[in-house]
Structures are given as structure tokens and as C-alpha cells.
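The block underneath contains the structure these notes are about, expressed in C-alpha cells.
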Amino acid sequence: MDVQLLIACSVMMTLMVILPGPDWAFLIAAGTRERTILPSLAGILLGYLATVAAVAIGVGAAVAAVPWIIVGLTFAAAIYLTYLGVRVLREPPVVAAVAGGSGGAPVATSARPWLRLLQGAGVSGLNPKGLLVLVVLLPQFTDAAGSWPIPVQLAVLGLIFVAACAAVYTVVGYGSRTVLRLRPSAMRIVSRVSGAAMIVLAAVLVVEQVVHLTRG
């Protein structure tokens, strides 16, 4: 795979993971209410691994083979990111998600960790942000002239995304308890910065596609 494409894709995916969304809310809730986030985190990663497998098998390759699908999905994704960014700026989802549980001590670990595993898989499997990254963004970073087949490239890029999720969400889950206890306003600041970043990212996606269409 092209090294520059790989680096660019890794940076883009990491930025997307850092943006708060349903995954953040779910793991912050687990971090503030449970003794361990491992079942919840494992569920989130399992859901994304399933999506990566589906994309690598055929969905991503089909999208990459039809450029106009990528254009349409990119504009749709930009509209969604703009909507989500405005919504985050108006009502930070992370703050709302933990408002009810940040004041007290964490409760005992659930007696049904498998249920939290399934819940985590459902959260990530149905997360529009994750689908945006894996279905829309990844095909744009594949190289048809590369020595690796497109499905293999998509699988590698998808695994990088899952690894970024594992690293960022571990910090989010375990750090949420300490951060909210010491400085509750920090989460609101992060949410507002992330909302602005979503809008900027949407603009970047649109500009890149317009430039590509103009040159084409």
C-alpha cells in the first residue's frame, strides 16, 4: 500500500475516533458507573470488527469501483457531519450522557457482562460515524495499482481504525471518572471543540470532492 495514503488515512480515522459520539457516551457511562469498562469496550470493538469484515468482503470494494457512489456518499456524509456538529455545539452529547451519573461513586460491576458486550456491539454496529469511516472514507484511501487486492487493503485500514478505537476509548472510559470528578467543565469544552471540528471536516470533504470533480 502507498505509505502516504496509509498515513493520511490513519490520521483521518484517528481524528474521527476522537470526535465524541455514541461510542463516547456509552463508554463514559461505563467508566463512571462500572468497575471495569472491558465488556463494554470489547463490545464496541467487536461491532466494528464485524463492520470491517463486511466492508472488506464486498461492500467497500463495490463502492471503490464506482466513483460516483463515493461522491454521493461523501456529500451525504458532509451533510450528516454538519448536522451532527451543530447538534453537538448546541447540546454536547457527552455532558448530557453522564450528567446523571457523574456525581456519585461508580456502582458495582454488572452481573451480566455479556449483556454489556452485546450492547457495545450494537452501539458501534449502528453508529453512523463508524459507518461513515468504514464505508465512505476507507475506499478513498485504497490504491487500485497497489500489489495488495482492494479487500486486503480495506481490511488493513479497517483494523487500523479498530486499533485507534481501542486506544482512544480505553483512555476515554478509564479517564472519564477522574476527569469528571476533578473538572466537570472539561467534557463540555471537548464536546464543543469536537462539534466545530465536525463542521470543518465536512467542509474539507466537500472541497476535496469539488476539486476532484473539477480536475476530472
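Remarks
- Using 0.36 nm per residue and subtracting the Cα-Cα separation, the extra length available between residue 210 and residue 143 on full extension is 22.1 nm.
- Exposure rank, largest accessible area first [68, 148; 1.4 Å]: 68, 148
- 14 Å reach of a label modelled at residue 8, 7 Å along Cα-to-Cβ, counting backbone N of the range 127-143: 137-143
- Annotation for residue 76 and residue 152: the two label points, set 7 Å from Cα along the Cα-Cβ direction, are 3.1 nm apart.
- The label-point distance for residue 192 and residue 69, in a model that sets each label 7 Å from Cα toward Cβ, rounds to 4.2 nm.
- Under a 5 Å amide H cut-off, with hydrogens placed 1.01 Å from N, residue 2 pairs with nothing among residues at least 5 apart or on other chains.
- In sequence order, the range 136-145 has phi-based couplings of 9, 7, 4, x, 6, 9, 8, 10, 4, 8 Hz under the Karplus curve 6.51 cos²θ - 1.76 cosθ + 1.60, θ = phi - 60°, and Gly or Pro positions carry x.
The values are calculated or read from the model by the stated rules, or taken from the named source; none is laboratory data. Everything numeric here is computed off the predicted structure, so don't read it as measured data. Neighbour counts are summed over all protein chains in view; Cβ atoms, including those assigned to glycine, are modelled from backbone coordinates with ideal geometry. Ligands, DNA and RNA are excluded from the accessible area calculation, which covers all protein heavy atoms including side chains. Shrake-Rupley method; radii C 1.70, N 1.55, O 1.52, S 1.80 Å.
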